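Following: one structure in structure tokens, then a few remarks.
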Amino acid sequence: MDIKERLQDVFRDVFDDEEIVISEETTAADIDGWDSLTHIQLVVAVQNEFGVKFSMVETSSMKNVGDFIRLIESRV
Amino acid sequence: MIELSTKSLFFVLLLLLAPFVLRYRWKGRKTVFLILNIAVISLAAGSLMQLAITAVWILIPFLFVRFVKKQQKLQPVLIIWLIASFVYLAGYGFLFSVLHLDLILPFKILGLSYFLFREIDYVLQMPYLKEQGYACDLTDYLNYVLSFYTLLAGPILRYKAFADDFHKDEDQKGYIPIAKQELFTLINRVVNGYFKVYVISAILDHYARYWFDGLKSHSSMLHAIVAFCIFAFFNCWFIYFNFSGYCDIVIGAAGLAGLEIHENFNRPYLSCNVIEFWNRHHITLSEWIRDYIFMPSYKLLLSGPLAKAAVAAQAIALFFTFFVAGIWHGTTIDYVMYGFFQGLGIVVSLLYREKRKKLLGKQKNKAYENNRAVIWITRIMTWSYISLTFSFTGYPVMPLFLR
Amino acid sequence: MNERFEAKDILKILWIGLKTAIVIYAVFQVSNLTILYQGF
């Protein structure tokens, strides 16, 4: 499974919605329930799934799915 | 040396003349702004020693970012030092007495609490901004920290936003024009701001003090409670007009100079819960504490001990965040209570919202939140709570209760 | 700013001027207003 597919599973799990489909441009505006609180849950879930750690500043800089993918790729 | 405030003639003249200076694009523009900023802070300083201490305290974070090699590792050390030195410079009296220290400085540094926020933002963001091509430039840094527009009481600007905004249109030469409509709007905003502060909030302040002073001699408990509520009413509206008026002045004045400052208020007393209130009142503070206190603590809790209890982690992180924010507002025990009550209000709002979402489900919950009666009742409840807790800011309420 | 000034602009200026006058008067009346917002 590539990064985007695994990331999509994480999104589906955190937001409890099997219908979610993500693309590089997907932002908080596109997903119901993605606010600053769930953003952290998302980041932590991504950390756990990919075995990486993000700093505070990186966490708040991740604005869309593309940002997530790029940061994951730079770590893995 | 001089008492600096929005009514100081010096400050008013500065606001009037700065647009002519800052709207003109040339390579010396940022230096001119720096000269103005240094002039303001020098004039406001009470003594040479105060100025020297302020200068050193402001320069240290820049020197760290500019010259220190292993930044990621040493950042926490600098941040802790910044906070500790801030606590000392600000004079947190009750901490000193707990530690039996008698080292309080004989002066208060104007704008110190806002310097702290800007310095922390700079230190934490610059490593990433450097990668994006931002220069670690002393003039830019000093202009950001000292900007006379946000010196007195914010709003709290982020370095990236400041740098992008200050350096925009630099490819152009000469004066950047302003449309007539915008000119009128901004001047109106500044004048309205002054009106809010020196007319409206002055009247409200007068009545708030009158009712607070009357609390000392009350004939009965009921009388005291009613008087307290009246005091709280005048006080909370005083706070709104005083602070949002100031923001109108500086945001409008900066706009005339071609600089954009983030909004700080959005009809706060229309909030339906305490969480919403903090998204409408002192917005730039809420955003800063969300990014630099809430998110790290929430993330820490969620990654470790409370991995399976997201709501509990949120509640603890939120309480901690607002407690700290409350204490930042002031150095006495009243502000500790203020922080406690803000934290409490936030947590109660959060838990109630989560419980309701679980019980009602998505559809019914949305209907409930959009119900007119619910909206007005929750607005009144929220405003009441906020106005009562606001009484801890600026008035020695604790001594009153302890008697 | 190259636009011309019209009649209604004069009214706007007068209104702003009136508010300014009230503010200046108030500033001289009020000597000890709690300036709440100043970060110490």
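The values are calculated or read from the model by the stated rules, or taken from the named source; none is laboratory data. Computed from a predicted structure; not experimentally measured. Cβ placement follows ideal geometry from the backbone for every residue including glycine, while neighbour counts extend to all protein chains displayed.
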Residues in the range A:16-23: is at least one within 12 Å of the chain's Cα centre (by Cα) and closer than 28 Å to B:Trp288 by Cβ?
-> no
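Could you tell me whether the range B:126-137 includes any residue that is within 9 Å of chain C (Cβ to nearest Cβ) and of a type in the set (Lys, Arg)? Steps first, answer last, please.
Restricting attention to the range B:126-137, the residues satisfying the condition of being within 9 Å of chain C (Cβ to nearest Cβ) are none.
No: the range B:126-137 contains no residue that is within 9 Å of chain C (Cβ to nearest Cβ) and of a type in the set (Lys, Arg).
Residue-wise test of (1) closer than 22 Å to B:Ser387 by Cβ; (2) surrounded by 17 or more Cβ atoms within 10 Å (Cβ to Cβ); (3) touching a strand residue (DSSP E or B) at 6+ places or on another chain (Cβ under 6 Å); (4) at pLDDT 90 or above.
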| residue | (1), (2), (3), (4) |
| --- | --- |
| B:Arg267 | yes, no, no, yes |
| B:Ser271 | yes, yes, no, yes |
| B:Val274 | yes, yes, no, yes |
| B:Glu287 | no, yes, no, yes |
| B:Ser297 | no, yes, no, yes |
| B:Leu301 | no, yes, no, yes |
| B:Pro305 | no, no, no, no |
Here are B:Ser85, B:Ser47: which of them is small (Gly, Ala, Ser) and touching a residue at least 60 places away in the same chain (Cβ under 8 Å)?
-> B:Ser47
Go through the range B:295-314 and give me each residue that's more than 8 Å from chain A (Cβ to nearest Cβ) and under 22 Å from the mean Cα position of the chain (by Cα).
-> B:Ser297
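Within the range B:184-228, which residues are under 26 Å from the mean Cα position of the chain (by Cα) and of a type in the set (A, V, I, L, M)?
Of everything in the range B:184-228, those that are under 26 Å from the mean Cα position of the chain (by Cα) and of a type in the set (A, V, I, L, M) turn out to be B:Leu186, B:Ile187, B:Val190, B:Val191, B:Val197, B:Val199, B:Ile200, B:Ala202, B:Ile203, B:Leu204, B:Ala208.
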Filter the range B:175-191 for residues that are facing chain C (nearest Cβ under 8 Å) and farther than 16 Å from B:Leu16 by Cβ and give the result.
-> B:Pro177, B:Ala179, B:Lys180
Within the range B:220-231, identify whether any single residue is away from chain C (no Cβ under 13 Å) and over 23 Å from B:Ile380 (Cα atoms), and answer yes or no.
-> yes
Restricting attention to the range A:57-76, which residues are touching an Asp or Glu at 6+ places or on another chain (Cβ under 8 Å) and within 12 Å of chain B (Cβ to nearest Cβ)?
-> A:Ser60, A:Ser61, A:Leu71
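Quick one: would you say B:Val65 is within 14 Å of another protein chain (Cβ to nearest Cβ), farther than 16 Å from B:Leu146 by Cβ and of a type in the set (Val, Ile, Thr)? Steps first, please.
Working: within 14 Å of another protein chain (Cβ to nearest Cβ): yes; farther than 16 Å from B:Leu146 by Cβ: yes; of a type in the set (Val, Ile, Thr): yes.
Against the criterion (within 14 Å of another protein chain (Cβ to nearest Cβ), farther than 16 Å from B:Leu146 by Cβ and of a type in the set (Val, Ile, Thr)), B:Val65 qualifies.
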Subset of the range C:13-39 that is surrounded by 15 or more Cβ atoms within 10 Å (Cβ to Cβ) and of a type outside the set (Val, Ile, Thr) - its residue that is modelled with the highest pLDDT | C:Lys19
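For (1) in contact (Cβ under 8 Å) with a residue 24 or more places away in the chain; (2) within 21 Å of A:Leu37 (Cβ to Cβ), each residue gets a yes or a no:
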site: B:His206; (1), (2): no, no
site: B:Asp213; (1), (2): no, no
site: B:Phe241; (1), (2): yes, no
site: B:Ser244; (1), (2): yes, no
site: B:Cys247; (1), (2): yes, no
site: B:Asn264; (1), (2): yes, no
site: B:Cys272; (1), (2): yes, yes
site: B:Phe294; (1), (2): yes, yes
site: B:Leu301; (1), (2): no, yes
Can you name the residue in the range A:36-55 that is over 11 Å from the mean Cα position of the chain (by Cα) and surrounded by fewer than 17 Cβ atoms within 10 Å (Cβ to Cβ) and is also nearest to the other protein chains (Cβ to nearest Cβ) among such residues?
-> A:Ser36
Residue, farthest from B:Arg25 (Cα to Cα), within the range B:177-208, restricted to residues that are among the hydrophobic types (A, V, I, L, M, F, W, C) and surrounded by fewer than 16 Cβ atoms within 10 Å (Cβ to Cβ) | B:Phe184
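If only one of A:Glu18, A:Glu25 is in contact with a strand residue (DSSP E or B) (Cβ under 7 Å, 6 or more places away or on another chain), surrounded by fewer than 19 Cβ atoms within 10 Å (Cβ to Cβ) and in a loop (DSSP other than H, G, I, E, B), which one is it? Full working, then the answer.
Details: A:Glu18 fails: in contact with a strand residue (DSSP E or B) (Cβ under 7 Å, 6 or more places away or on another chain).
Answer to the selection: A:Glu25.
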Across the range B:130-168, what is the number of residues that are surrounded by 17 or more Cβ atoms within 10 Å (Cβ to Cβ), assigned to a helix (DSSP H, G or I) and in contact (Cβ under 8 Å) with a residue 60 or more places away in the chain?
-> 11
Listed by first then second residue, the pairs whose first member lies in the range A:46-66 and is over 24 Å from B:Arg158 (Cβ atoms), whose partner is part of a helix (DSSP H, G or I) and of a type outside the set (A, V, I, L, M), with beta carbons under 7 Å and at least 6 positions apart or on separate chains, are A:Val46/A:Phe68; A:Gln47/B:Ser303; A:Glu49/A:Arg6; A:Val52/A:Arg75
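So which residues in the range B:1-35 are part of a helix (DSSP H, G or I) and over 20 Å from B:Tyr246 (Cα atoms), if there are any at all? It would help to see each step written out before you state the result.
Filtering the range B:1-35 down to residues part of a helix (DSSP H, G or I) leaves B:9-22, B:29-35.
Once the filter is applied, which keeps residues that are part of a helix (DSSP H, G or I) and over 20 Å from B:Tyr246 (Cα atoms), the range B:1-35 yields B:Phe20, B:Val21, B:Leu22, B:Arg29, B:Lys30, B:Thr31, B:Val32, B:Phe33, B:Leu34, B:Ile35.
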Being under 18 Å from the mean Cα position of the chain (by Cα) and aromatic (Phe, Trp, Tyr), is that true of even one residue in the range B:166-180?
-> no
Report yes if B:Ala253 is in contact with a Leu (Cβ under 6 Å, 6 or more places away or on another chain) and crowded, with 21+ Cβ neighbours inside 10 Å, otherwise no.
-> yes
